[in-house]
Amino acid sequence: MAQWLKRSIAAASKDEAQSQVRATVETLLADIAKRGDVAVREMSARFDHWDRTDFRLTDAEIRACLAELSGRALDDIRFAQEQVRNFAIHQRESMKNVEVETLPGVVLGHKHIPVNAVGCYVPGGKYPLLASAHMSVVTAKVAGVPRIATCAPPFQGRPAPAIVAAQYLAGADEIRVLGGVQAIGAMALGTESIAAVDMLVGPGNAYVAEAKRQLYGRVGIDLFAGPTETLLIADDTVDGEICATDLLGQAEHGPTSPAILLTTSEKLARDTMAQIERLLGMLPTAEIARKAWEDYGEVILCDDRAEMLREADRIASEHVQVMTADDDYFLANMTNYGALFLGPRTNVSYGDKVIGTNHTLPTLGAARYTGGLWVGKFLKTVTYQRVLTDAASTMVGEYCSRLCMLEGFVGHAEQANIRLRRYGGRNIGYGEAAE
């Protein structure tokens, strides 16, 4: 039976905090819906100390941001985006249109149509997370989305040059310096100066995630992407230093980011906890990482790999780093995760920044029912049908007529019956079922 050597704060505390977030976001979205640009400007000034008449950057401002970066930095951004683009292209090519004659004279098909307008949120209040621009904008471009609008908060009181460069190089059509609920609400609801989008994508803090949840239905969303989560599955094939490094590397995202170790080795568990304390003494982001570790960190000791598998699927973490004697066992058997990172040579940071898979992934248990952002999220798979012959229409119509009458849908039945009369020469009265 699994033993907790370290537990996170009580679930009740988490639920209480989420209730406060929910109420705050509901109030803010209602204000944006009512007052539009005025509300957005007030919120930006209040929360980000950032106020402009127009939050959209001009071409000159974009060029100025690019000029602040070195050639090496721009090349690195291009390299990362090329990896994301390459994998997204392969994903897109795996999605084929279908047209098939399922019965003589009956043709059914589906096709993939891009969403018309997407709003991409790029978080950047604490850190300039330019990688999120690669993941959303590049992928939407590969899908063929005609209009891509981006929003990112100001960083240290101004546009973050690296984020602006990443959005521009990825192909964003509109780039705004606007953060938080005000950005999400403006893109989804539309204001006097910002045209509404059809879909919102991108990670963010608890407020951003809650805003997307409340707006779902009004617009589409990629998934519920809240605070970063990481789960480490490890045994005595690795040491505490690498485990501690991988846990803290994600805990520095924010004070509510869960970091969990699952292991069959008590020695590794205790070594990892000791190494975490040592590394927190050196990590520049230790203030945030320590809070996340103290409140949301867990260490769970399991009897065997089967128990680690059960616990991992129960947790359904966004990121799962696997470093064991048999990593392929987890690849073959795990069902609930956002992304797997297999073996000590890879890590979550590779996926976050550069390797090419998408880093916008499900959190808060959503990995039980959805995967992460990918090119298919920007595509609507729609169907069509065509009946080519009188005989085919008559044959399908007979079944349809009888099935509709079983349900009491006479009007539906008549859609079939009129075709039986016209194309099949059948003498069927109004409201009768085909014999």
Cα gyration tensor shape for the range 281-327, rounded if a/c is under 1.5, else prolate or oblate: prolate
For the range 282-360 and the range 30-81, distance of Cα centres in Å: 33
Spatially proximal lysines relative to Lys267 (Cα-Cα < 25 Å; intrachain offsets below 8 disregarded): Lys6, Lys291
In order through the range 392-398: 3J(HN,Hα) via Karplus (6.51 cos²θ - 1.76 cosθ + 1.60), integer Hz, x for Gly, Pro: 5, 5, 5, 5, 5, x, 4
Charge tally in the Cβ shell below 15 Å around Arg421, where Lys, Arg are +1 and Asp, Glu are -1, Arg421 excluded: -2
Sparse-neighbour loop sites [trypsin sites (Lys or Arg not before Pro); the range 207-308; at most 16 other C-beta within 10 Å; DSSP]: Arg218
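If you take every residue apart from Ala170 with its C-beta less than 13 Å away from the C-beta of Ala170, what net charge results, scoring Lys and Arg +1 and Asp and Glu -1? All intermediate terms of the calculation are to be shown ahead of the outcome.
Values: positive: Arg78, Arg85, Lys141; negative: Glu82, Asp173, Glu174.
Its environment carries a net charge of 0.
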Gap separating the Cα centres of the range 231-279 and the range 103-121, nearest whole Å: 44
Eligible lysines near Lys34 by straight Cα distance, threshold 26 Å, same-chain separation 8 or greater: Lys212
Convex hull volume of the range 336-435 per residue (C-alpha atoms, cubic angstrom): 191
Rounded, prolate or oblate (a/c below 1.5 giving rounded, otherwise prolate when a/b exceeds b/c) for the range 23-139 by Cα gyration tensor: oblate
All lysines inside 20 Å of Lys96 as judged from Cα atoms, apart from same-chain residues fewer than 8 positions distant: Lys111, Lys141, Lys377, Lys380
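Can you list which of the GluC sites (Glu not before Pro) found in the range 54-156 are DSSP loop residues with at most 16 other C-beta atoms within 10 Å?
Glu68
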Interchain or long-range residues, amide H under 5 Å from Leu261's placed H: Leu232, Glu298, Val299, Ile300
Rounded FRET efficiency, nearest 0.05, which uses the C-beta distance separating Arg213 from Glu435 and R0 of 51 Å: 0.45
Radius ratio Rg over Rh of the range 105-154, counting only Cα atoms, Kirkwood formula for Rh: 1.25
Structure-based [θ]222 nm, the chain - -39500 (n - 2.57) summed over DSSP H runs of at least 4, per residue, nearest 500: -14000 deg cm²/dmol
Karplus (6.51, -1.76, 1.60) ³J(HN,Hα), θ = phi - 60°, over the range 410-427, in Hz, Gly and Pro reported as x: 5, x, 4, 4, 5, 4, 6, 5, 4, 6, 5, 5, 7, 9, x, x, 7, 9
Calculated log₁₀ intensity ratio I(q)/I(0) where the Debye formula runs over C-alpha points of the chain, q = 0.06, 0.11 Å⁻¹: -0.34, -0.89
Once exposed loop chymotrypsin sites (Phe, Trp or Tyr not before Pro) are cut out (DSSP; at most 15 other Cβ, 10 Å), longest piece of the chain: 1-368
Mean Cα-pair separation over length for the range 98-158, i.e. relative contact order, pairs under 8 Å, 6 or more apart, %: 36
0 to 90° range, to nearest 10: angle between helix 286-296 axis and the chain longest Cα axis: 60
Residue among Thr191, Thr394, Thr24 with the largest mean-square fluctuation in a Gaussian network model of the chain, springs linking Cα atoms under 10 Å: Thr394
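Laboratory data are not the source of any read-out in this text; all were calculated from the coordinates shown. Just so it is clear, the structure is predicted and the values come from calculations on it, not from any experiment. Please note: Cβ atoms are built from the backbone with ideal geometry, for glycine as well, and neighbour counts cover all protein chains shown.
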